[in-house]
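My questions will all concern the structure given below.
The values are calculated or read from the model by the stated rules, or taken from the named source; none is laboratory data. No experiment lies behind these values; they were computed from the predicted model shown. Using ideal geometry, Cβ is built from the backbone for each residue, glycine included, and neighbour counts are taken over all protein chains shown. Note: accessible area is taken over every heavy atom of the protein model, side chains too, but ligands, DNA and RNA are not part of it. Shrake-Rupley method; radii C 1.70, N 1.55, O 1.52, S 1.80 Å.
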Amino acid sequence: MTPTITTFGWVPEFARGFVRDLRPRWALEEIGETYEVETIRDAKTDEYRCRQPFGQVPVYRDENGESFESGAMVLRIAERGGDLLPSDPEARAQAIQWVIAALNSVEPFVMAVVINDVFEREQPWSKMRHDKVVADLDRRLADLEKGLGDGPWLEGEQFTVGDLMMVAVLHGTPDDILGKHPKLADYVRRGKDRPAFKKAMAAQLAMFEKSAVPAQ
């Protein structure tokens with residue numbers, strides 16, 4: 001069967017480009033595989049929760065089964081072919097390690113800023129917490145910048161699934177935060193300049209732009 005991504009057919013403008021179906025889309029583009037997208041309106045239904053117990057998008061399905069976490073999806077896709085997973089066992093382990101680092105050690109700090117400054121901006125504590133969550137993210141980005149090697153990617157010359165996930169996590173970081181870490185900013189820019197990223201982003205945005213606001 002053709003790999004299929006299930007995601008929202010419409011989201012508000014501020015969320016476009018950041019819905020996590022971008023991640024499996026990008027991975028599939030990197031390995032040169034076509035895919036289909038099926039859309040849903042409500043991720044909280046009992047029917048959908050049978051596929052995604054947390055009521056989130058996306059879900060990925062191929063001939064071997066389903067995955068409901070974006071990190072699992074991109075690793076699964078990387079196994080299908082291409083060069084996202086190195087053949088050398090140690091390099092392969094390092095690539096997988098960076099996927100986990102992106103999701104566990106970096107993304108929570110990115111999301112703390114997003115939750116505070118976007119989703120909770122009207123709450124009385126939001127302005128008071130802003131400096132703290134930004135400072136926490138800034139320290140984590142400084143750690144990551146120090147961890148970057150001398151090559152263009154995390155582990156040298158080969159772009160891997162670890163880079164894909166790290167750039168996907170960081171690509172929406174505000175310029176005034178990411179810009180304080182020029183080596184890291186250049187790294188993210190290289191990832192976003194990849195043709196596969198651009199194709200995946202364009203496909204997601206095109207889907208949202210042609211979708212009508214769902215009826216209440």
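Testing ASP176 on (1) assigned to a helix (DSSP H, G or I); (2) at pLDDT below 95; (3) open to solvent by less than 80 Å² (accessible area, probe 1.4 Å); (4) more than 28 Å from ILE5 (Cβ to Cβ), one condition comes back false. Which one is that?
Just one mismatch for ASP176, condition (3).
Restricting to segment 48-89, what's the tally of residues that are in contact with a helix residue (DSSP H, G or I) (Cβ under 6 Å, 6 or more places away or on another chain), exposed (fewer than 14 other Cβ atoms within 10 Å of the Cβ) and either farther than 24 Å from GLY17 by Cα or touching a residue at least 40 places away in the same chain (Cβ under 8 Å) (or both)?
Total meeting the criteria: 1.
Does segment 14-28 contain any residue that is at pLDDT 95 or above, more than 30 Å from ASP138 (Cβ to Cβ) and either not in a helix (DSSP H, G or I) or not polar (S, T, N, Q) (or both)?
Yes.
May I ask you to list pairs of residues, at least six apart or on different chains, whose Cβ atoms are under 9 Å apart, with the first in segment 137-162 being free of Cβ contacts under 8 Å to residues at least 24 places away in the same chain and open to solvent by 40 Å² or more (accessible area, probe 1.4 Å) and the second being of a type in the set (Phe, Trp, Tyr) and in a helix (DSSP H, G or I)?
Cβ pairs passing all conditions: ARG139/PHE109.
Residue by residue through segment 104-136, note down the ones that are under 20 Å from PHE18 (Cβ atoms), surrounded by fewer than 19 Cβ atoms within 10 Å (Cβ to Cβ) and either aromatic (Phe, Trp, Tyr) or in contact with a Gly (Cβ under 7 Å, 6 or more places away or on another chain) (or both).
Of everything in segment 104-136, just one residue is under 20 Å from PHE18 (Cβ atoms), surrounded by fewer than 19 Cβ atoms within 10 Å (Cβ to Cβ) and either aromatic (Phe, Trp, Tyr) or in contact with a Gly (Cβ under 7 Å, 6 or more places away or on another chain) (or both), namely PHE119.
Check ALA15, ALA27 and return the single one that is aliphatic (A, V, I, L, M), closer than 28 Å to TRP98 by Cα and in contact with a helix residue (DSSP H, G or I) (Cβ under 6 Å, 6 or more places away or on another chain).
ALA27
Among the residues of segment 41-68, write down those that are in contact with a strand residue (DSSP E or B) (Cβ under 9 Å, 6 or more places away or on another chain) and part of a strand (DSSP E or B).
Scanning segment 41-68 gives VAL59, TYR60, ARG61, ASP62, GLU66, SER67.
Which members of segment 29-47 meet the condition of being within 18 Å of the chain's Cα centre (by Cα) and touching a residue at least 60 places away in the same chain (Cβ under 8 Å)?
GLU29, GLU30, VAL37 - these are the residues of segment 29-47 that are within 18 Å of the chain's Cα centre (by Cα) and touching a residue at least 60 places away in the same chain (Cβ under 8 Å).
Would you check which residues across segment 69-85 are assigned to a helix (DSSP H, G or I) and hydrophobic (A, V, I, L, M, F, W, C) and list them?
Result: ALA72, MET73, VAL74, LEU75, ILE77, ALA78.
Just to be sure I understand the filter: pairs with C-beta atoms under 8 Å, separated by 6 or more residues or on different chains, first member in segment 117-129 and polar (S, T, N, Q), second member not in a helix (DSSP H, G or I). Which pairs pass?
SER126/GLU120
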